[in-house]
Structures are given as C-alpha cells and as structure tokens.
1. With respect to ALA161, determine if the residue is at positive phi, in contact (Cβ under 8 Å) with a residue 40 or more places away in the chain and among the aliphatic types (A, V, I, L, M).
2. Among the residues of segment 120-175, which ones are surrounded by fewer than 18 Cβ atoms within 10 Å (Cβ to Cβ), of a type in the set (S, T, N, Q) and under 19 Å from SER206 (Cα atoms)?
3. Working only within segment 58-84, note down all residues that are within 19 Å of SER197 (Cα to Cα) and either touching a helix residue (DSSP H, G or I) at 6+ places or on another chain (Cβ under 9 Å) or buried (at least 16 other Cβ atoms within 10 Å of the Cβ) (or both).
4. Quick one: ASP111 ticks every box in (1) over 15 Å from the mean Cα position of the chain (by Cα); (2) modelled with pLDDT of 90 or more except a single one, so which number is it?
5. Of all the residues that make up segment 141-187, how many are in a helix (DSSP H, G or I) and over 16 Å from ALA51 (Cα atoms)?
6. Name every residue in segment 194-209 that is polar (S, T, N, Q) and at pLDDT below 90, in order of residue number.
7. Collect the residues in segment 120-140 that are farther than 14 Å from ASP173 by Cβ, free of Cβ contacts under 8 Å to residues at least 12 places away in the same chain and either not in a helix (DSSP H, G or I) or not hydroxyl-bearing (Ser, Thr, Tyr) (or both), keeping them in residue-number order.
8. Return only the number of the condition from (1) touching a strand residue (DSSP E or B) at 6+ places or on another chain (Cβ under 7 Å); (2) surrounded by fewer than 18 Cβ atoms within 10 Å (Cβ to Cβ); (3) β-branched (Val, Ile, Thr) that VAL29 does not satisfy.
Amino acid sequence: MLTKRLKPIIHHIVSESQSAFIHVQLDNVLVSYELNHYLEYKTWGSVGYTALKLDLSEAYNRMEWSFLERVLAKLGFHPHFIFLIYLCVSIVSYSFLIDGQKFGHLHPQCDLYKGDSLSPYLFLFYAEALSHLLSTTKANGELQGVPISRHDPRVLHLLFADNTLIFCQATKDAMHCVGWTLKVFEESGLMVNFDKSSLAFSWNTSDEI
C-alpha cells in the first residue's frame, strides 16, 4: 500500500537529477550520453572537465534507518507516514542456525530487503541527501557542472540506482570539493567503492590534474 501511494508522486519529491525507477525522468540517460560525448570531443579551452562515475558500495545493506527517518522528515512527510515506513523496514530480524538449531534474534539498524517493492523508493529518498549536498556546492559556486551546449544549464550530477555521475571542472579545487562532499555523505552510512568507480577527463585537461 505504501508503494502504491509513493509511486504517483515520487517524481514531485526527488530532484530531476535522479532517474532510477522514475519513468518520467528516464531522459537523464540521454543527458549523460550527451555530456560524455561533449567531454570526449572537447579539445579547446583553458579549463578541462571531468566525469566521475561513482559506485556506492553495498548500497542497500548500508542504509541506516535513523538517517532515512531524518531525510523523510526533511522532505516533508507526515510523522505517521514515516512511522509506517519505519515499521516496514525494522520488522526484520535474524536468527543464527547452529547445528540445526536456531539461536537468538538479531535486529539490524540498517539494510533494506532487495525483494521489497518499497526498497527502491526508499533508496531514492536516501540518495536525495547526496543530491542536495551536490546542489548546494553548485549554488555556492564551488562546483559549476558541465554544459551540453552554450545556452543550456550546466549539469553537475545524475543519479542512476546505485551509481552516481558527477560532472565538473577538472581543477584541484573542484576535486577537493567533490572529495569533501563525499566524505560528508559517508556520515549517512553509504560509502563509495573506488575499486568499481571510474574517472574520465576531456582532452584539454591540464597534465597537473
């Protein structure tokens, strides 16, 4: 029931940078293609650009329920609705099977069940915290994003399920800002798996970067 209530309004709640599980925002796939194409063929200009593809390590397993509650409250959900969601995620318990016998009950404080239809939507709300952090750096002028064309707005980030794309100027200050933002986001429990992440630069990027 909670999933049915969220589905028709989800695109009004999360930012346009998120496209996972939201059909009306699937054009973000085309936007990411155009941005990567722009970087691949950009050979002029004094400042280069970079694209970071970040993989969130075990995203569903690291989602802390207390942080999710705070995010839902910030997004304006009614306390009773938040309580119902908390009941859905916290009802899970685990027992230990030793020599064919069950022992104890373990009640986790994080983790979402991947087979639950509600989990993808809760992940969108969780990822909205990262989207907000990145948008704040753009509003403050710390990160500028990449333009698809001269007259289009600059795109700073796009989120796809457990992958995040960040587009910014290839400067030391921008790299430090991205690193600081990700460090702050780690307080939520999620972490970037740098072994599965990648980095690409435009051809005019300085060799010092």
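The values are calculated or read from the model by the stated rules, or taken from the named source; none is laboratory data. This one's a predicted model, so the numbers in the text were calculated from it and none came from an experiment. Cβ coordinates were reconstructed from backbone atoms using ideal geometry, including for glycine residues, and neighbour counts include every protein chain displayed.
1. Spelling it out, ALA161 is indeed at positive phi, in contact (Cβ under 8 Å) with a residue 40 or more places away in the chain and among the aliphatic types (A, V, I, L, M).
2. Hit for segment 120-175 is GLN144, nothing else.
3. Within segment 58-84, ALA59, TYR60, ARG62 meet the criteria.
4. Here ASP111 meets the rest and fails (2).
5. The total comes to 6.
6. ASN204, THR205, SER206
7. Residue satisfying the conditions is ALA139 alone.
8. (1)
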